[in-house]
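The values are calculated or read from the model by the stated rules, or taken from the named source; none is laboratory data. Computed from a predicted model, the values in this text were never measured in an experiment. All Cβ positions, even for glycine, are placed from backbone atoms using ideal geometry, and neighbour counts span all protein chains on display.
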Amino acid sequence: MDLNGISAIVTGGASGLGAATVKALAGRGAKVVIADLERQKEKGEALAQEVGGIFCPTDVTDTDQVIAAVEAAKEMGPLRALVTAAGFGWATRTIGKDGQYSSAHDLGIFQKVIEVNLVGTFNCIRLAATAMSQTEPLADGERGAIVTVASVAAFDGQIGQASYSASKGGVVGMTLPVARDLAAVGVRVNCIAPGLIDTPIYGEGEAAEAFKEKLKKDVLFPKRLGVPEEFASLAVELLSNSYMNAEVIRLDGGVRMQPK
């Protein structure tokens, strides 16, 4: 699928993996909607100006806001690409050390992680794919492509990652059925499960660098953290390669995460 002249939506597009993907898509001639939270407005608008796209304040769990982002994309060109990079993690053990019910994993936090990472991803898929289904078909009847973002935590979840792993496991699990659903309208769905990617999530300064140095010890090769541009390169390939469908790809340097 030729990305030149299409419109695309990248959720979580103001920073990290999303921002790198925005730049990569714009470099291929796509007009990009940066869909991110209102608090990311300054970063999002600066990036939008840089790449000739637009920023849309978007909570992925809010249907009206996602529809607004989809409509904004349609104004710039036929919507044919979606990358769902929005999400967050939380580290809490399932039970506390004192044996009290009150110290067990907060259920509201578990539900929030699922709501954003899994339900929010599906919300964006269902609405963007609806708009894609209305576009004119390309070669082989193709109308668009979607890349979702899981994590190696979907397979190698560590201690304290119950909510995050469950949410990302759900993203992996819906890849095939959603791809089967959307085949009827010519929309492909693939999923990337990143490993240890060097993004702002790790913070800055000596402590952050020491933490990242420790993390990379289990990476097989190359012996380093990944960079957002490597994620973006794969996302663009999955969007543009019309024979890639219903696949989950680990992007992790061969790492297999230890329990902790």
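So if I check each of 14, 35, 19, which one is under 29 Å from residue 140 (Cβ atoms), buried (at least 20 other Cβ atoms within 10 Å of the Cβ) and either in contact with a helix residue (DSSP H, G or I) (Cβ under 8 Å, 6 or more places away or on another chain) or small (Gly, Ala, Ser) (or both)?
Working: 14 fails: under 29 Å from residue 140 (Cβ atoms); 19 fails: under 29 Å from residue 140 (Cβ atoms).
None of the other options fit; the residue is 35.
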Subject >> Those residues of the range 166-208 which are polar (S, T, N, Q) and assigned to a loop (DSSP other than H, G, I, E, B), in sequence order >> reply: 199
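Of the residues that sit in the range 15-33 and are part of a helix (DSSP H, G or I) and farther than 23 Å from residue 193 by Cβ, which one is nearest to the chain's Cα centre (by Cα)? Walk me through it before giving the result.
The first filter runs over the range 15-33 and keeps only residues part of a helix (DSSP H, G or I), leaving 16-27.
Cutting the leftovers down to farther than 23 Å from residue 193 by Cβ gives us 26-27.
Values: 26: 17, 27: 19 Å.
Once the filter is applied, the top-ranked residue is 26.
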Original post:
Has the range 114-124 got any residue that is surrounded by 14 or more Cβ atoms within 10 Å (Cβ to Cβ) and either in contact with a Leu (Cβ under 9 Å, 6 or more places away or on another chain) or without any contact (Cβ under 8 Å) to a residue 24 or more places away in the chain (or both)?
Top reply: yes
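For every residue, the table says whether it meets (1) out of contact with any Gly (no Cβ under 7 Å at 6 or more places or on another chain); (2) exposed (fewer than 14 other Cβ atoms within 10 Å of the Cβ); (3) at pLDDT 95 or above; (4) of a type in the set (Lys, Arg).
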| position | (1), (2), (3), (4) |
| --- | --- |
| 175 | yes, no, yes, no |
| 185 | yes, no, yes, no |
| 215 | yes, no, no, no |
| 228 | no, no, yes, no |
| 234 | yes, no, yes, no |
| 241 | yes, yes, yes, no |
| 252 | no, no, yes, no |
| 255 | no, no, yes, no |
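Okay, residues lined up against (1) of a type outside the set (Val, Ile, Thr); (2) more than 21 Å from the chain's Cα centre (by Cα); (3) closer than 14 Å to residue 245 by Cβ:
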{"site": "95", "(1), (2), (3)": "no, yes, no"}
{"site": "118", "(1), (2), (3)": "yes, no, no"}
{"site": "128", "(1), (2), (3)": "yes, no, no"}
{"site": "135", "(1), (2), (3)": "no, yes, no"}
{"site": "146", "(1), (2), (3)": "no, no, yes"}
{"site": "155", "(1), (2), (3)": "yes, no, no"}
{"site": "159", "(1), (2), (3)": "no, yes, no"}
{"site": "168", "(1), (2), (3)": "yes, no, no"}
{"site": "176", "(1), (2), (3)": "yes, no, yes"}
